[in-house]
Structure formats: C-alpha cells, structure tokens
1. Quick check: residue separation of Phe442 and Gln373 times 0.36 nm, minus the Cα distance between them. What number comes out in nm?
2. From the helices alone, meaning DSSP H stretches of at least four residues, give me the mean residue ellipticity at 222 nm for the chain, per-run term -39500 (n - 2.57), in deg cm²/dmol to the nearest 500.
3. Calculate one ³J(HN,Hα) per residue across segment 416-426 by plugging θ = phi - 60° into the Karplus curve 6.51 cos²θ - 1.76 cosθ + 1.60, and present them in order as whole Hz with x for glycine and proline.
4. Summarise the long-distance tail of P(r) for the chain by giving the % of C-alpha pairs beyond 40 Å.
5. Take the alpha-carbon centre of segment 136-188, take the same for segment 371-442, and report the distance between them in whole Å.
6. At a Förster radius of 22 Å, what calculated FRET efficiency corresponds to the Cβ-Cβ distance of Leu127 and Leu267, to the nearest 0.05?
7. I need Asp51, Asp166 ordered by Cβ neighbour count within 10 Å, fewest first.
8. Do me a favour and compute the ellipsoid semi-axes for segment 12-211 from its Cα gyration tensor, root of five times each eigenvalue, largest one first, whole Å.
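Just so you know, all these numbers are worked out from the coordinates, no wet-lab data involved. The model shown is predicted, which means the values in this text are computed figures rather than measured ones. Neighbour counts are summed over all protein chains in view; Cβ atoms, including those assigned to glycine, are modelled from backbone coordinates with ideal geometry.
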Amino acid sequence: MEPLLSMPSLKVLAAVSGGMDSMCLAALLHREGADFGIAHCNFSLRGEESDADELLVKTWAEERGIPFHGVRFDTASWAKEHGVSIEMAARSLRYSFFAETARKEGYEAVAVAHHADDNAETLILNLLRGSGSRGLSGMKEKGVLPVPGAEDIPLLRPLLSWTREDIKEWVLQSGIPYREDRTNSEDTFRRNRIRNRVFPVFREINPSFVKTLNEDAARIAATDAIAEDYFHEAKPRVCSPDGSILTDALKEEKHRSYILFRLLEELGFQPSVSEEISDRLESSLLRSGSTWNSPDYTLTAASGRLVVSRRMEETQIPESIIISGPGEYSFMGKTLTVGRLLREEAGQLKRKDGSVSWDEDRLPFPLTLRPWQDGDYFAPFGMRGVKKLQDWFSDRHWSIPEKKTAILVVLKGSRIAAILGETIDHSLRITSATKTIIRISF
C-alpha cells in the first residue's frame, strides 16, 4: 500500500524519534520534496540505545541534506523536580522544544507521526479517565501545539488515517531504516498496556477494530461539535459578567448538567464535582458556604450563585499596604487608582461603579489598606449606628471568597473607613463644607 500525505505547502518541522512511524513520516516528506527539517529529542532514558536512535536520525538527515535539530534531556531529573510521570515529562519537554525550534528556525508547522492505532489508544485511555465526549473525539489531522503561547503553530498528523500495519508494510517494502524501542514491548506505561494487552483481545473480537474505533471517534467529534455550539450559546445565560454561575438560571436549562460539567471542566474540576452539585441543585440541597477546589480555583455556593475565585494560600494573603498619595497601586491582585480632587471638580458626586470617595479632612493620606479581619466594624453610609462587617457581608449574601478578597481602608484599629468598590463609613461623608476629596477606584 502506498501512503499519500495530505500536507499544506508549509515549512514543516518533523518530529522524528528513529522509530518506524516517525522514520516513515520523514521518508514520505523527503519523497514528496517537502520543505522540512527534523527535530529529535534524546530523553536519556535508555542509555546507549537512546544515543543510537539519535545517531540514526542525524545520519539519515545529513545524508539527504535535511536540517537536523537535536536536543538531549535529563528527563528523569526533570520529572522528579516537577513531580510528574516520565510520560508527562517527556511530552512537556518535546513539545516545548518543538515550539522553541519552530520559532527560532522559522518553521510554520510541526508534523508528528501519530496514526490510527495511536488514535484508538488515546480514545480508550480517555474513556478510562472519564474525559467526556471531547476526549472521545480522538485526534485531529490538524491541531495546534499544546504549549502555552504557541497556539498559533499548527500541529499536523499526516499519517492519522494509516494503521500501524499499513506503515509497517510500506517501511519494510521501501527499506526505510528504523530502530525498535524495546520499551514498547514493556508494560510500564498505560499506553503500552492498552497496546500489548487489551488490543490483542479487541483484534480477536473484531479484526478491524482500529478502523471501527476511529470511525466512532469521528462520529463523536461531529456530535460534540453540536454540543459545543449549544454550550457557548447557553453560557451567557447562566454566567454573570464576574464569572459566577447563576444557579436559578442554570436550573431553567434543559441540559443543565452538561452545561455545569463544561463550565467546571474548563476550571479544572473533576467530573464528580459537577455531578455532586447537579444532584444538590435537583434536590434543593445546595447550601451556601459549601466549597469545592480544583488545582487553581475555589467554587463556593452563595445565594443564587456559585462563586468562582482563584485559590489563594493563606501565606499569599498580604497583611496591608500604605497609600502615601495619589497614583496607581497594586494590592491583592487588583489595580487601584487613587486620586485627590477639589469638591467643585466632583460634580454631582454620584458614586461611580467600582469607586469610593470621602472627605480628605476626615481621613487624609497616608492610608492603610488591608483584607477583612474578624471583629471589623463600621457605620454604614446613611446610618448612625455601627455594624459588624461580618453582618454587613451576610446581609448582602457575600460568599467566603468575596469576603476574603474584600479590600478595606482602615479608620482606626478595627473600625473600617471604606470597603473599596462598595461604601464608606458614614463619618467620612462628603458635605457642603468639604474642600478636597479622596477617591479610590478599581
């Protein structure tokens, strides 16, 4: 069988390990006169065998005048340092190298030798991980490099329609040199266990199972595209501008469980979290204050919404900041604009969203800003008496993350002068006698 490559007219960087699949890709690109170079990663995992792989690829490229870009990694040390598996370390290292080389050398795309068997293995692995329909859609012939900041570099899979047997037949007939990776026959990695233990059983049941799984992946991808359109159309209906999920609006949606799953999946939450919250919504057992964590976010149930906030370790919460005068300041992840203006410059004094203003004579510079502390209190604007800040929060159904990220201006001790973006202590109010005003805006 004679493989045909469906390749755009681009300058391509081909990832070539020295194995049968990647050497097939390199030979086909060379046969078709493609403008390409070769990238090879020596992961230093198999000693002399890794070095022999590198020598084969480098020699093959040099004999044909093809640019060769090689790199050597201490993969085991990198994996240990970053707390990831050898598989994940190798993946991260190689794709980062491909992106760096493509940028440096002017390659317009990266080509890899993924084929139909790889696609079938990925589908099974994603099925076992519980990745949802998107994980079962399989690989695409054209994607993007999975490296932050390199999403504009196409990732091409020109052999995706070919099975491992197709490739083997052509390589042997054409006399293409390659090296066997002995670890492929070992069951150390999950993908190898699928390939070596599971697929032989599948083959007994259905000799054409690879083709069948790839066809199923294509059908799932088509279905998932419809679901993706529905999700993006529904998202504005159930999310507020600040990213909170509006639970009442969510309950109005026919496919609310799927919408919630997709919203939380994007934030790194496990499917079990969306399932638990869906169950609580259906049974009206979602209680304010309940929290769930993903690696980067905290989800907190509040009145009528689920509040999404970045996770912040207690050691990351700053104690305070001193505002010495007008200017821009950064505090607790927010940029603050601090200004001083004359009373006549303030116009009607209608409060702008995200700002607070007060009489400078009543609280001049320097100002102390800090997060909320237990025992804080103030006299809310328009009131004569004082109120605990905790009670003020509760009246407004503020979630725990909102309380923790509130920025306060200190009047004295536990008495608060202002809650930035919200209100001020009544004693600081602007009157007809006010001469200058301090205003702080987000």
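1. Extra length from Phe442 to Gln373 when fully extended: 22.7 nm.
2. Estimated from H runs of four or more residues: -11500 deg cm²/dmol.
3. Those phi angles translate into 9, 7, 7, 10, 4, x, 10, 7, 10, 5, 4 Hz.
4. Tail of P(r) above 40 Å: 43 percent of Cα pairs.
5. The two parts, judged by their Cα centres, are 60 Å apart.
6. 0.45
7. In order of increasing Cβ crowding within 10 Å: Asp51, Asp166.
8. One finds semi-axes of 25, 21, 18 Å for segment 12-211.
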